[in-house]
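Bear in mind these aren't lab numbers, they're just calculated from the coordinates by the rules spelled out. Computed from a predicted structure; not experimentally measured. Backbone-built Cβ (ideal geometry, glycine too); neighbour counts: all protein chains shown.
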Amino acid sequence: MTAELKLRLDHTIRNVPDFPKPGIMFKDITPIFLDAKLCDEIAENIINNFLHNHGKIDAVCAIESRGFFIGILIANKLNVPLFPVRKKGKLPAKTKEFTYDLEYGTATLEIHTDVVKPGWNVMIHDDILATGGTAMAAAELVKSEGGNVAGFTFIATLDFLNGRNKIAPYSNNIVTAIEFE
Ligand code: AMP
């Protein structure tokens with residue numbers, strides 16, 4: 001990533017304290033989408049860094065819901081399919097689910113069972129990597145459907161939450177536009 005892009009993202013991503021609950025510093029990425037050129041640069045930078053590490057991908061798996069925004073830009077630029085993983089109950093056709101631990105309680109993600117072709121190299125994309133549970137669940141779903149996890153891409157990683165450790169066993173190709181230490 002260029003230092004210039006990181007600086008612009010640092011200025012654009014808004015910190016919202018105590019959202020959605022006390023003690024959480026929420027990284028609000030919605031101001032990014034007010035700037036079409038910035039969106040384009042994020043997608044271009046992510047693609048260039050990702051493909052440098054991993055030659056070719058067959059599809060993008062975008063994680064609900066903030067993973068959809070840049071995910072579809074990446075997929076369109078690469079001219080590959082995009083499929084979503086969504087919270088339980090949102091996908092209309094036949095699904096497979098994976099339940100994972102949150103700080104308090106559990107969450108369940110689902111994937112349509114007719115989207116992954118056997119052996120596909122899949123890039124998993126979300127807006128933010130926090131503890132890594134969500135991205136890990138997406139990786140499990142992709143694998144269980146016969147795909148290979150070609151790597152992960154994010155707009156931002158919150159590296160103090162160690163999410164990289166959780167997802168590295170699936171792929172070491174972890175690309176982010178900006179990291180917060
Ligand atoms: P995790 O499973 O802990 O890696 O959480 C990742 C998911 O939660 C992503 O889809 C993010 O959109 C969201 N998320 C977690 N923590 C934050 C945060 N501090 N600010 C904004 N989004 C967050």
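Tell me what the chain gives for mean residue ellipticity at 222 nm when only DSSP H runs of n ≥ 4 count, each as -39,500 (n - 2.57), the sum divided by the residue total, rounded to 500 deg cm²/dmol. Could you put the intermediate results ahead of the total?
Values: 5 runs with 57 residues, N = 181.
Calculated mean residue ellipticity at 222 nm is -9500 deg cm²/dmol.
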How far apart, in nm, are the 7 Å Cα→Cβ label points at residue 6 and residue 37?
2.2
From the Cα centre of region 43-100 to that of region 20-40, the distance in Å is 19
Tell me, in nm to one decimal, what length is gained between residue 143 and residue 179 on full extension, where the rule is 0.36 nm per residue of separation less the Cα-Cα distance?
10.3 nm
In nm, to one decimal, how far is the residue 56 label point from the residue 108 one, both placed 7 Å along Cα→Cβ?
3.8
Quick check on packing: order 117-123, 3-9 by the mean number of other C-beta atoms within 10 Å, highest mean leading.
117-123, 3-9
Show me the ranking of peptides 137-146, 70-79, 24-33, 87-96 by mean Cβ neighbours inside 10 Å, starting with the highest.
137-146, 70-79, 24-33, 87-96
Out of the DSSP beta bridges found with both residues in the chain, what percent are antiparallel (nearest 5)?
40
